[in-house]
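*Asks:* Submitted below is the structure of interest, expressed as structure tokens.
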Amino acid sequence: MDYDRRKALGLIGGGVAAVGLGTSLLRCTSDRSVESARGDSSEKGDVKHEPLPYVKLDPAHVAELGYRDFYRGDCMFGVFGAIVDALAEKVGEPFASFPSSVTRYGAGGVMGWGTLCGAANGAAMAIYLVSKDPAPAINEVMAFYEQEALPNYLPAQPKFEVASSVADSPLCHVSISRWCEASGYKASSPERLDRCAQLVASVAKFTAEVLNAQEEGSFKAAHPHTEAVVACRGCHEWGTDLDNTRGKMSCGVCHVEQASNHP
């Protein structure tokens with residue numbers, strides 16, 4: 001297993017820095033952790049979470065990098081690349097040679113499948129890369145994406161001034177459909193493309209703010225689950241009477257067949 005890992009790291013990084021990075025990311029521990037009854041544990045199995053070093057970033061600068069990087073490599077690359085690029089500017093390695101292009105798969109909700117928005121996906125990956133306590137930070141960014149009117153950051157040189165909309169879902173196809181409804185533009189329009197670029201900038205900025213708050217010890221979640229989600233989880237989540245699903249996202253977006261007085 002060890003020689004396979006080293007071989008893979010050599011192919012990815014091609015040098016000592018990459019080997020060191022990979023060893024940090026993939027080092028295992030014999031201490032096994034057990035997932036909680038509700039499935040909220042941040043560590044599972046044998047893989048130990050060992051974040052790379054983080055220093056506080058300028059959120060506005062990260063946002064501008066995110067807007068730029070969206071047009072270089074789409075939405076997931078935009079957010080993840082913005083965080084990594086900003087850290088490379090301040091720290092250098094291992095961020096300067098980090099293979100951020102691997103995140104290109106997340107474009108359009110994973111190769112255009114419209115599932116998890118690449119901006120949220122990239123934020124979660126960036127947080128897990130550098131945060132000492134990634135679970136609450138990821139939860140906060142995901143809820144921010146779902147609940148806030150986005151985009152909420154206007155780049156220095158936007159291609160368009162676009163409307164904002166509340167996705168009420170972390171899913172790409174829902175997010176885009178809600179924006180198209182709010183703006184009147186088609187999903188294939190250049191305005192929608194720039195909306196996603198500005199959304200990437202907005203999510204990248206907020207991700208940097210969350211990471212900065214964690215770094216200085218002032219982080220406090222500001223986007224808890226809605227009352228509707230709490231009510232749904234109370235009956236349907238792990239360890240409940242029904243125990244027939246798992247999730248944290250807004251339920252009513254998809255389960256529209258349920259009456260208002262459900263159950």
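*Asks:* Only residues that are under 20 Å from ALA143 (Cα atoms) and part of a helix (DSSP H, G or I): list them for the stretch 228-242, please.
*Replies:* ALA228, VAL229, VAL230, ALA231, CYS232, ARG233, GLY234, HIS236
*Asks:* Go through the stretch 132-167 residue by residue and tally those that are open to solvent by 40 Å² or more (accessible area, probe 1.4 Å) and assigned to a helix (DSSP H, G or I).
*Replies:* Total satisfying the criteria: 4.
*Asks:* To continue, here is another question. Can ARG195 be described as in contact with a His (Cβ under 8 Å, 6 or more places away or on another chain), assigned to a helix (DSSP H, G or I), charged (D, E, K, R) and within 21 Å of MET142 (Cα to Cα)?
*Replies:* Criteria not met by ARG195.
*Asks:* Something else now. Residues being over 20 Å from the mean Cα position of the chain (by Cα) and of a type in the set (Ser, Thr, Tyr): count how many of those fall in the stretch 207-233.
*Replies:* Looking only at that region, the number is 1.
*Asks:* Can you pull out every residue in the stretch 94-115 that is within 22 Å of GLU146 (Cβ to Cβ) and of a type in the set (S, T, N, Q)?
*Replies:* THR103, THR115
*Asks:* Yes or no: the stretch 175-183 includes at least one residue that is under 17 Å from the mean Cα position of the chain (by Cα) and open to solvent by less than 60 Å² (accessible area, probe 1.4 Å).
*Replies:* yes
*Asks:* At least 2 residues that are modelled with pLDDT under 95 and touching a helix residue (DSSP H, G or I) at 6+ places or on another chain (Cβ under 9 Å) in each: list the helices (runs of 4 or more DSSP H) lying fully within the stretch 1-106 that qualify.
*Replies:* In the stretch 1-106, the matching helices (runs of 4 or more DSSP H) lie at 2-13, 16-26.
*Asks:* Name the single residue, out of those in the stretch 206-263 being open to solvent by less than 70 Å² (accessible area, probe 1.4 Å) and aromatic (Phe, Trp, Tyr), that is modelled with the lowest pLDDT.
*Replies:* That would be PHE219.
*Asks:* Mind listing whichever residues of the stretch 69-113 are under 26 Å from SER177 (Cα atoms), open to solvent by 10 Å² or more (accessible area, probe 1.4 Å) and not charged (D, E, K, R)?
*Replies:* Answer for the stretch 69-113, where residues must be under 26 Å from SER177 (Cα atoms), open to solvent by 10 Å² or more (accessible area, probe 1.4 Å) and not charged (D, E, K, R): PHE70, TYR71, CYS75, PHE77, TYR105, ALA107, GLY108, VAL110, MET111, GLY112, TRP113.
The values are calculated or read from the model by the stated rules, or taken from the named source; none is laboratory data. Model, not experiment: these values are computed from the prediction. Here the Cβ is made from the backbone with ideal geometry for all residues, glycine too, and neighbour counts use every protein chain on show. These accessible areas exclude ligands, DNA and RNA; they are computed on the full protein's heavy atoms, side chains included. Shrake-Rupley method; radii C 1.70, N 1.55, O 1.52, S 1.80 Å.
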